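> Right, I'll just put the structure down here and ask away after.
The values are calculated or read from the model by the stated rules, or taken from the named source; none is laboratory data. All figures in this text were calculated on a predicted structure; none of them were measured in a lab. Cβ: placed from backbone, ideal geometry, glycine included. Neighbour counts: every protein chain shown. We work out accessible area using only protein heavy atoms, side chains counted, and drop any ligands, DNA or RNA first. Shrake-Rupley method; radii C 1.70, N 1.55, O 1.52, S 1.80 Å.
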Amino acid sequence: MAVSVKTQANALLAGVSLAAAASYPWAQGSVLLDFVHHTALAATIGGLADWWGVTAIFEKPFNIAAPGTDMLRRRYEELQEGLTDFVCTDLLSPQNVMLAVENESFARLLTEHFSEPQNVDSARSVLQPLADEVLHKLNTQEAEQLLLAEVPRYLPSLHLSDILLDVAQRAIANNRLDGIWVLLLKEGKRLLHCAEFTALLRGMAQRAEAHYTQDSILRDFFVSGEAEKLLPYFVEALERLLDDLGDGSSELRRMLDNWLLAKLEELRHDIAFQNWINDKAAQLVLDNALALRAELRQQNSDWLFALAQEKIAELAQDEDKLAQTDSVLKKLLAQALELKQDALRQLISEKLAAYPRDEVIGKLQAKVGDDLQNIRISGTVIGGLLGAVLFMVAAMAERLVG
């Protein structure tokens, strides 16, 4: 059976103490025994000093209430508060948690988890009885009242406007809207040559010409009927303008993108826009939920689970949707961590307070006990070495002076 470090430290201290005591009666008659006595005495002093210091951390040595003794018990509340602050503010702060999961894709983990049949079966076994009961007990009026009360109150915490604006700004900055621009510009060119737009331009030209010539016979003589001849050039200029807008590297496109980015940034601080987004989202959730409710009441929960599996499988195959879903999940996690910071602090504080003080101190002592006992061993050895050196210095000085 291995001897504990504490036993080794006690044995070493006891040994040097006995050596110091045993060599004392003959120390004056022998240089060697005098050396042994002073070395053992210094080792005993060093060992006792370190024993006092190590013991005083956890209890009162010899039950003596000297200053600095029983430190952990006297300052246990401060230790508990400091540990709570460290865990909440430093270790498990929202920033540190999000930094730790920054490179992890929650959406991919979700799809991979539910790609395993046993995980799907496990979720189904837990949720299916509840889902069946809910489906058969749905009440339109109660559901509507619940959604009307809870959805508008919950949606602002999701910061949907910020998410939408972030997506739009990133799309513009990374030229991800090129496909939309192509469709819009194609439709724009089609409109330039349609009969309705041509008739509109012709009417505008005629009104402009009439306004220009209404006070002058000479103007009427020189420009009458000439304005319509400029319409093809005007249409051609509009086409060139549309082509410039379709070119992601053109100066016009760059100016338009910058203008859109600036407008989106203004909307970020527009309370009316945020309220409008939340209202639209709440109405969309309400309309779809109530429409789905009628469908669900005619189905069992197997249809619901099959639909969920289908959507998860589709998500797993679409990298863009995975990235978007992961971004939303991380935003929700960050917001939840911020909102639950006080609750986390209270939970940790209550958990620490639930442990008996002596049990916590005992666990701390068990964890660092060997290191502390090694300090005692080191103190005894270093004390002995210093005693030996001082004895030799004193002896040499005495001989030189004598």
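> Can you give me the ranges of the helices (runs of 4 or more DSSP H) entirely in region 107-195 with at least 1 residues that are at pLDDT below 70 and open to solvent by 80 Å² or more (accessible area, probe 1.4 Å)?
Because the criterion is at least 1 residues that are at pLDDT below 70 and open to solvent by 80 Å² or more (accessible area, probe 1.4 Å), the helices (runs of 4 or more DSSP H) in region 107-195 that meet it are 117-137, 140-154, 178-192.
> Might you check whether a residue that is of a type in the set (G, A, S) and touching a residue at least 24 places away in the same chain (Cβ under 8 Å) occurs anywhere in region 20-38?
Yes, because at least one residue in region 20-38 is of a type in the set (G, A, S) and touching a residue at least 24 places away in the same chain (Cβ under 8 Å).
> Something else: Take L241 and decide whether it is open to solvent by less than 70 Å² (accessible area, probe 1.4 Å) and at pLDDT below 75.
no
> Going through region 40-88 one residue at a time, which ones are outside any helix (DSSP H, G or I) and surrounded by 13 or more Cβ atoms within 10 Å (Cβ to Cβ)?
If the condition is that a residue be outside any helix (DSSP H, G or I) and surrounded by 13 or more Cβ atoms within 10 Å (Cβ to Cβ), then E59, K60, T69, D70 are the ones that fit.
> Okay, moving on. Are any residues in region 343-402 in a loop (DSSP other than H, G, I, E, B) and over 27 Å from E59 (Cα atoms), and if so, which ones?
G402
> Also: Name the one entry in L92, L99 that is open to solvent by less than 80 Å² (accessible area, probe 1.4 Å) and among the hydrophobic types (A, V, I, L, M, F, W, C).
Only one candidate passes the filter, namely L92.
> Moving to a separate point now. Which ones in region 1-39 are open to solvent by 60 Å² or more (accessible area, probe 1.4 Å) and among the charged types (D, E, K, R)?
Of everything in region 1-39, just one residue is open to solvent by 60 Å² or more (accessible area, probe 1.4 Å) and among the charged types (D, E, K, R), namely K6.
> Scan region 322-348 residue by residue and report those that are over 16 Å from H159 (Cα atoms), of a type in the set (D, E, K, R) and buried (at least 16 other Cβ atoms within 10 Å of the Cβ). It would help to see each step written out before you state the result.
Quick first cut of region 322-348, residues over 16 Å from H159 (Cα atoms) only: 322-323, 340-348.
Remaining after also requiring of a type in the set (D, E, K, R): 340, 342, 345.
R345 - this is the single residue of region 322-348 that is over 16 Å from H159 (Cα atoms), of a type in the set (D, E, K, R) and buried (at least 16 other Cβ atoms within 10 Å of the Cβ).
> Now for a different question. Across region 341-373, what is the total count of residues that are closer than 18 Å to D70 by Cα and not charged (D, E, K, R)?
Matching residues across region 341-373 total 11.
> OK, next. Name the single residue, out of those in region 264-300 being more than 23 Å from S157 (Cβ to Cβ), among the aliphatic types (A, V, I, L, M) and loosely packed, with under 11 Cβ neighbours inside 10 Å, that is modelled with the highest pLDDT.
This residue is A291.
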